[in-house]
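Inspection log for the structure reproduced underneath, given as structure tokens.
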Amino acid sequence: MALKPYSKGDVIWMDAVPYTDLLDFKDRPVFVVSNIPGDDYIVCEITKEYRDMPGIIQINSYDFITGSLRIMSYVRVDKIFTLHRDLIQRSIGKLKPVKILEIINNLKSVIDNY
């Protein structure tokens, strides 16, 4: 088995990220939560549209160690799912440790409180 090139805190572009109704898909950036054993990644959706709800974390270009997104975006920790590595198109970058911690803590909060 080849080593996985992505890990927690990476932002990657993926093909066919499903909508919750599973009837449609969209290519989009995602935040890597974990590279679980096998060929899958646990990820959170990233969107450019702000929603005033728990679990929305803003990310800007200054939140990245390497790379960046072209526009201000939001990690939706309420939109967590597993995707196969073959859906990865490319790496976008790596977030700074402080932003990774903020996202993971918000993910835990959403799981614990809802």
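Would you please list the contacts, defined by Cβ atoms under 7 Å and residues six or more apart or on different chains, that run from a residue in the range 64-84 that is under 17 Å from S7 (Cβ atoms) to a residue that is among the acidic types (D, E)?
Cβ pairs passing all conditions: T82/D40; L83/D40; H84/D39; H84/D40.
With under 16 Å from R28 (Cα atoms), exposed (fewer than 12 other Cβ atoms within 10 Å of the Cβ) and not charged (D, E, K, R) as the only criterion, which of I80, I71, I92, I59 stands out?
When all the criteria are applied, what remains is I71.
Which ones in the range 66-114 are within 24 Å of D15 (Cα to Cα) and of a type in the set (V, I, T)?
From the range 66-114, those within 24 Å of D15 (Cα to Cα) are 66-95, 100, 103-104, 107; that's our starting set.
Answer for the range 66-114, where residues must be within 24 Å of D15 (Cα to Cα) and of a type in the set (V, I, T): T66, I71, V75, V77, I80, T82, I88, I92, I100, I103, I104.
Might you let me know whether the range 27-44 holds any residue that is part of a loop (DSSP other than H, G, I, E, B), at pLDDT 95 or above and charged (D, E, K, R)?
Within the range 27-44, none of the residues are part of a loop (DSSP other than H, G, I, E, B), at pLDDT 95 or above and charged (D, E, K, R).
Tell me which of these D15 doesn't satisfy, since it passes every other one: (1) surrounded by fewer than 18 Cβ atoms within 10 Å (Cβ to Cβ); (2) part of a helix (DSSP H, G or I); (3) touching a strand residue (DSSP E or B) at 6+ places or on another chain (Cβ under 8 Å).
Tallying (1) surrounded by fewer than 18 Cβ atoms within 10 Å (Cβ to Cβ); (2) part of a helix (DSSP H, G or I); (3) touching a strand residue (DSSP E or B) at 6+ places or on another chain (Cβ under 8 Å), D15 fails exactly one: (2).
Name the pairs whose Cβ atoms lie under 9 Å apart, with the first residue in the range 21-36 and farther than 18 Å from K94 by Cβ, the second assigned to a strand (DSSP E or B) and of a type in the set (G, A, S), and 6 or more positions between them or separate chains?
F25/A16; K26/A16; D27/A16
Might you check whether a residue that is small (G, A, S), touching a Lys or Arg at 6+ places or on another chain (Cβ under 8 Å) and modelled with pLDDT of 95 or more occurs anywhere in the range 82-99?
The answer is no, given that none of the residues of the range 82-99 is small (G, A, S), touching a Lys or Arg at 6+ places or on another chain (Cβ under 8 Å) and modelled with pLDDT of 95 or more.
With the requirement that a residue be among the hydrophobic types (A, V, I, L, M, F, W, C) and either in contact (Cβ under 8 Å) with a residue 60 or more places away in the chain or surrounded by 12 or more Cβ atoms within 10 Å (Cβ to Cβ) (or both), what does the range 37-53 give you?
I42, V43, C44, I46
Show me the strands (runs of 3 or more DSSP E) entirely contained within the range 51-114 in which 1 or more residues are within 24 Å of G38 (Cα to Cα).
73-84, 88-95
The values are calculated or read from the model by the stated rules, or taken from the named source; none is laboratory data. Just so it is clear, the model here is predicted, and its values are computed rather than measured. Neighbour counts are summed over all protein chains in view; Cβ atoms, including those assigned to glycine, are modelled from backbone coordinates with ideal geometry.
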